[in-house]
């Protein structure tokens, strides 16, 4: 609801006599311009006296709805005032302060949970309304050249220091092919505007085993990249790589301590904006010796081939969901761009992404 306009010295005398039922109030020539833009309330009372409104009083409050030069059109008996016989001409009229003028400035301020189940509700009265941001809500205000006040509401950006997308998944020892790039869509733990993930390392569970009569070494190299979706393709946002070597010699104590599942860490100090990324991981191994195996740890998934949409032709590039599968060619590094048509999502093994997590600080 809008508040009435106001004007200083909005006063005149009537040149007509509206009586008890008239709705046109004509003021002195040129005085129509003294009054504010309608609608507004005005007081009418006899000449030569002060206005009174009690029982037996002499004044009436009217509501001016339009002005045509010096003719004011109004609705009678406003704000509980009594209908007066405004006769003869010469009555005084002024856009004075009335109760409505003050209550407009003391408007109530209502608060609702908007259908939620928490928060305080009610109606407040007072000359000031103070808005306070709580629970990660930030408020700011500004005033423009026309004195219009703008209150801006935003949430405070969150930060996270751990990204563990498969913390509840079943992990199994497995291996995608040599230099096979596996891609899976994964949202970051914080995804609001301005949210960020701060990490300094990537962690990959790996599995190692060797035969009791074997001696040698095996080198593991892992490439990790984040892609963003761009129409029908993925664009590389950032990537890193790392390698490590395991030496072994039969059943000696050192070799035995390296068998089984261990965590392979790779430094990567970076800030990742909150979003949904397509995580691409590829691994490569090189060995000097025999009878030793180093494997990835994969997320256990379905053990059946995926055929795509129901009642549609099966294609190798079918993906469940889009962007979930392996790059169609072996690669030594992350391509800068990958089309969805270049991904194979139909093979059951392609539904098993490598296990990993990202963290800042001690593993």
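For the reader, a short list of remarks on this structure follows.
- Some residue of the range 33-41 being within 19 Å of residue 97 (Cβ to Cβ), in a strand (DSSP E or B) and touching a helix residue (DSSP H, G or I) at 6+ places or on another chain (Cβ under 7 Å): yes
- Which listed residue, of 185, 193, is assigned by TED's automatic domain parsing to the domain that holds residue 251 and either at pLDDT below 90 or under 21 Å from residue 247 (Cβ atoms) (or both): 193
- Segments classed as strands (runs of 3 or more DSSP E), wholly inside the range 321-363, with at least 1 members that are closer than 17 Å to residue 283 by Cβ and in contact with a helix residue (DSSP H, G or I) (Cβ under 8 Å, 6 or more places away or on another chain): 325-327
- Just one residue in the set 241, 232, 221, 214 is surrounded by 15 or more Cβ atoms within 10 Å (Cβ to Cβ), in contact with a helix residue (DSSP H, G or I) (Cβ under 9 Å, 6 or more places away or on another chain) and in contact (Cβ under 8 Å) with a residue 60 or more places away in the chain; that residue is 214.
- Test for residue 63: is it under 17 Å from residue 104 (Cβ atoms) and under 58 Å from the mean Cα position of the chain (by Cα): yes
- Set 228, 293: member being in contact with a strand residue (DSSP E or B) (Cβ under 8 Å, 6 or more places away or on another chain), assigned to a strand (DSSP E or B) and at pLDDT below 95: 293
- The lone criterion from (1) at pLDDT 95 or above; (2) farther than 21 Å from residue 224 by Cβ; (3) surrounded by 17 or more Cβ atoms within 10 Å (Cβ to Cβ) left unmet by residue 260 is number (3).
- Screening 329, 318, 288 for residues that are closer than 20 Å to residue 239 by Cβ and in the same structural domain as residue 210 (by TED's automatic domain parsing) leaves exactly one candidate, 329.
- Considered as a group, the residues in the range 88-98 that are exposed (fewer than 15 other Cβ atoms within 10 Å of the Cβ) and touching a strand residue (DSSP E or B) at 6+ places or on another chain (Cβ under 7 Å) include one that is nearest to residue 7 (Cα to Cα), and that residue is 90.
The values are calculated or read from the model by the stated rules, or taken from the named source; none is laboratory data. Since the model is a prediction, treat every value here as computed from it, not as a measurement. Every residue, glycine among them, receives a Cβ derived from its backbone with ideal geometry; neighbour counts consider all protein chains shown.
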